[in-house]
Amino acid sequence: MTRGPHLPERAPLPRRQRRANGALGLLAWLCGIAFFLPVAWMVLTSLHSESDAAANPPSLAAPLTLHGYREFFGAGGAGVSPWPPLVNSLTASVVSTLLVLVLAVPAAYALSIRPVRKWSDVLFFFLSTKMLPLVAGLLPVYLVAQNTRMLDSIWLLVVLYTAMNLPIAVWMMRSFLAEVPVEILEAASIDGAGLPTTLTRIVAPVAMPGIAATALISFIFSWNELLFARVLTGTVAGTAPVFLTGLVTSQGLFLAKVCAAATVISLPVLIAGFAAQDKLVQGLSLGAVK
Amino acid sequence: MAWARRAPLLPALVFLIAVTQLPFVATVVISFTRWNALAPDHRGFAALDNYRAVFTDPALRASVGTTVLLTATVVLVSLGLGLALALLLDRRFRGRGVVRTLLITPFLVVPVASALLWKHALYNASYGLLNGSLTWLWRLFGSDHPPQPDWMTNSPLMAVELSLIWQWTPFMMLILLAGLQSRPADAVEAARMDGASPFDVFRYLTLPHLRRYLELAALLGTVYIVQNFDAVFTITSGGLGTANLPYTIYQTFYQAHDYGRASAQGVVVVLCSLLVATFALRTVSSLLREEITR
């Protein structure tokens, strides 16, 4: 862009604008801190002793301790080990994410690179299933699970989470694959490249970031899910969110311990989310916003 | 040839139909039966009894109102806040990346954890941060009698809404920020050179460009917030007029064990959602059409 220094109407702007920019930047910082404050408070509370955590007014200068975390992980003696629920959550999230990818990537291929007829109708069908409240299909699933002795099994959750995340995954993957330039595909086929070569050499490199983003979204939604897990699991297959709700009702309230638990359970999503902020935006807006 | 093209699509399609559509068909069938698990001998065909019960049940009608109010409030407020924050972040300033990360954090906290955080660490009347800060402030001015409102009892729905607004504003901001950054810079530059004020630029350039993104954010937010279960379940357990539809169905099914009525409620919710979904899909399809013609 060529912008000469001889533009009179731009000359008086900088200082005033700089001051306004500074004020707005400060405002942005204040908003950021305000939104972050509850999370910071959660982490700080998790590092206090139970009596300091429940102090009123709050004691900012109270000594830090890992007591809440030790209690949460069961080293404190009382309470149930959080490891089985954490392992359950990890299993359900990871396995269902893998299944989602196995099902969604070929489907997205069929909807974008060599599209079937009426592909947009198919795409809308996928998306429309996402618009229906989950709760409407819960009862039949419960009854089937009851009769097939699948209640309280983590594999039932794996199947449901796969179905829950598949529509979004197909949608996202399609928009990522649609970015593969048609000219390159044509050139490859003229050069005599077969389907496997085209897929591994041309499509895969372009699709990889998209696959990563899709996997991330699918993992987060599975990790966060509460309703299905609460209704369909019990003592054996309970996931981390279910465990978290039980932590309060069964033993009364230990604020530091609950905050420690909330922090630990949120940690995988927080780390993944911070690492892939841009991908997250693209994914959550269903790939429609670029 | 056509089959070879369709083959990669089929596993996903068959799986999705089997796991989401078949249960819904079963829900429709069950909604016409009299079936309470606590009274197994009374099972039978109920015709429209369950639906009659659904529409005459004051608790359910109340929960429809609650759902609409909760969803509308959370979506509109977080959309407005999200727009303001996106505009703030759409300019260069020191530490912009850090501020964005701070702002995204609420969206990344596991929903149940965030609901517990608000309920116990912030709202709690005797040791929550809100009342704790009031105590601290009052002491600062030498008073030993700070107001200590019971937030969740005084305004239960607002307590739920506030925690959801906190959680969803970052989502709105992210989508709108993506929209702002795809705004053609040269048009804005040209308008400025022609003497347009910042407000004019916002009103006549930014806002029209953002319309699609605003619609998309609102619709996606609606789809997720209508279905919200975690916050209502955790913060108020549906008490004091905060039971929304998903929570009410959960109760009918899981606590009252009235399978027939829960199914009828589910069908009604689906029909209502279809109304919203039609609008949502139309918006998304217009985005898609734009992409194809590009």
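The values are calculated or read from the model by the stated rules, or taken from the named source; none is laboratory data. None of the values given here were measured: they were computed from a predicted structure. Positions of Cβ are generated from backbone atoms using ideal geometry, with glycine treated the same way; all protein chains shown enter the neighbour counts. For accessibility, only protein heavy atoms count, side chains too; no ligands or nucleic acids. Shrake-Rupley method; radii C 1.70, N 1.55, O 1.52, S 1.80 Å.
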*Selected residue (criterion: surrounded by the fewest Cβ atoms within 10 Å (Cβ to Cβ)) from residues of the range B:181-203 that are at the interface with chain A (Cβ under 8 Å from one of its Cβ atoms) and assigned to a loop (DSSP other than H, G, I, E, B)*: B:Gly195
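Scan A:Pro140, A:Pro115 and give me the residue that is open to solvent by 40 Å² or more (accessible area, probe 1.4 Å) and either in contact with a strand residue (DSSP E or B) (Cβ under 8 Å, 6 or more places away or on another chain) or over 30 Å from A:Ala260 (Cα atoms) (or both).
Details: A:Pro140 fails: open to solvent by 40 Å² or more (accessible area, probe 1.4 Å).
Selected residue: A:Pro115, the only one of A:Pro140, A:Pro115 that is open to solvent by 40 Å² or more (accessible area, probe 1.4 Å) and either in contact with a strand residue (DSSP E or B) (Cβ under 8 Å, 6 or more places away or on another chain) or over 30 Å from A:Ala260 (Cα atoms) (or both).
Select, from B:Asp150, B:Asp144, the only residue that is farther than 21 Å from A:Thr45 by Cβ and either more than 7 Å from every other protein chain (Cβ to nearest Cβ) or open to solvent by less than 10 Å² (accessible area, probe 1.4 Å) (or both).
Values: B:Asp150 fails: farther than 21 Å from A:Thr45 by Cβ.
One residue alone meets the criteria, B:Asp144.
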*asked:* Can you go through B:Leu81, B:Leu69, B:Leu60 and tell me which one is open to solvent by less than 40 Å² (accessible area, probe 1.4 Å), under 27 Å from the mean Cα position of the chain (by Cα) and modelled with pLDDT of 80 or more?
replied: B:Leu60
*Working only within the range B:211-223, note down all residues that are within 25 Å of B:Ala191 (Cβ to Cβ) and away from every other protein chain (no Cβ under 11 Å).*
B:Arg211, B:Leu214
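Being open to solvent by less than 40 Å² (accessible area, probe 1.4 Å) and assigned to a helix (DSSP H, G or I) is the filter here, so list the residues in the range A:41-51 that pass it.
Filtering the range A:41-51 for residues open to solvent by less than 40 Å² (accessible area, probe 1.4 Å) gives A:41-42, A:45-46, A:48-49.
Correct list: A:Trp41, A:Met42, A:Thr45, A:Ser46.
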_All but one of (1) within 30 Å of A:Ala178 (Cβ to Cβ); (2) surrounded by fewer than 16 Cβ atoms within 10 Å (Cβ to Cβ); (3) within 10 Å of chain B (Cβ to nearest Cβ) hold for A:Val122; state the number of the condition that does not hold._
(2)
_Between a residue in the range A:28-49 that is touching a residue at least 12 places away in the same chain (Cβ under 8 Å) and any residue that is polar (S, T, N, Q) and not in a helix (DSSP H, G or I), which pairs come within a Cβ distance under 8 Å, given they are 6 or more apart or on different chains?_
A:Leu47/A:Thr65; A:His48/A:Ser59; A:His48/A:Thr65; A:Ser49/A:Thr65
*Sort through A:Arg149, A:Arg174, A:Arg201 and tell me the only one that's closer than 27 Å to B:Ala277 by Cα and charged (D, E, K, R).*
A:Arg174
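Just checking, which of B:Leu177, B:Leu102 is more than 14 Å from A:Pro38 (Cα to Cα), open to solvent by less than 40 Å² (accessible area, probe 1.4 Å) and touching a helix residue (DSSP H, G or I) at 6+ places or on another chain (Cβ under 8 Å)? Talk me through it step by step, then tell me what you get.
Numbers: B:Leu102 fails: more than 14 Å from A:Pro38 (Cα to Cα).
Going through B:Leu177, B:Leu102 in turn, just one is more than 14 Å from A:Pro38 (Cα to Cα), open to solvent by less than 40 Å² (accessible area, probe 1.4 Å) and touching a helix residue (DSSP H, G or I) at 6+ places or on another chain (Cβ under 8 Å): B:Leu177.
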*Working only within the range B:80-96, note down all residues that are more than 7 Å from chain A (Cβ to nearest Cβ) and over 27 Å from A:Thr45 (Cβ atoms).*
B:Gly80, B:Gly82, B:Leu83, B:Ala84, B:Ala86, B:Leu87, B:Asp90, B:Arg92, B:Arg96
*asked:* Between a residue in the range A:177-201 that is among the basic types (Lys, Arg) and any residue that is not in a helix (DSSP H, G or I), which pairs come within a Cβ distance under 8 Å, given they are 6 or more apart or on different chains?
replied: A:Arg201/A:Ala193
*Look at B:Ala280 and say whether it is in contact with a strand residue (DSSP E or B) (Cβ under 8 Å, 6 or more places away or on another chain) and either within 9 Å of chain A (Cβ to nearest Cβ) or outside any helix (DSSP H, G or I) (or both).*
no
*Qualifying residue in the range A:257-272 (condition: in contact with a helix residue (DSSP H, G or I) (Cβ under 6 Å, 6 or more places away or on another chain), open to solvent by 40 Å² or more (accessible area, probe 1.4 Å), modelled with pLDDT of 85 or more and not aromatic (Phe, Trp, Tyr))*: no
*Pick from B:Ala113, B:Ala178, B:Ala125: which is among the hydrophobic types (A, V, I, L, M, F, W, C), within 12 Å of chain A (Cβ to nearest Cβ), touching a Lys or Arg at 6+ places or on another chain (Cβ under 8 Å) and free of Cβ contacts under 8 Å to residues at least 60 places away in the same chain?*
B:Ala178
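Looking for something surrounded by fewer than 19 Cβ atoms within 10 Å (Cβ to Cβ) and either hydrophobic (A, V, I, L, M, F, W, C) or within 15 Å of A:Ala104 (Cα to Cα) (or both) - is there at least one such residue anywhere in the range A:158-177? Break it down stepwise before answering.
Taking the range A:158-177 as the starting set, the residues that turn out to be surrounded by fewer than 19 Cβ atoms within 10 Å (Cβ to Cβ) are none.
No: the range A:158-177 contains no residue that is surrounded by fewer than 19 Cβ atoms within 10 Å (Cβ to Cβ) and either hydrophobic (A, V, I, L, M, F, W, C) or within 15 Å of A:Ala104 (Cα to Cα) (or both).
For the range B:257-277: of the residues being small (Gly, Ala, Ser) and at pLDDT below 80, which is farthest from A:Gly234 (Cα to Cα)?
Of the range B:257-277, the ones small (Gly, Ala, Ser) are B:260, B:262-264, B:266, B:273, B:277.
Still in the running and at pLDDT below 80: B:273, B:277.
Values: B:Ser273: 30, B:Ala277: 33 Å.
Among them, the one singled out is B:Ala277.
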*asked:* As an exercise: evaluate A:Gly192 against (1) surrounded by fewer than 19 Cβ atoms within 10 Å (Cβ to Cβ); (2) in a helix (DSSP H, G or I); (3) of a type in the set (Gly, Ala, Ser) and give the number of the one condition it does not meet.
replied: (2)
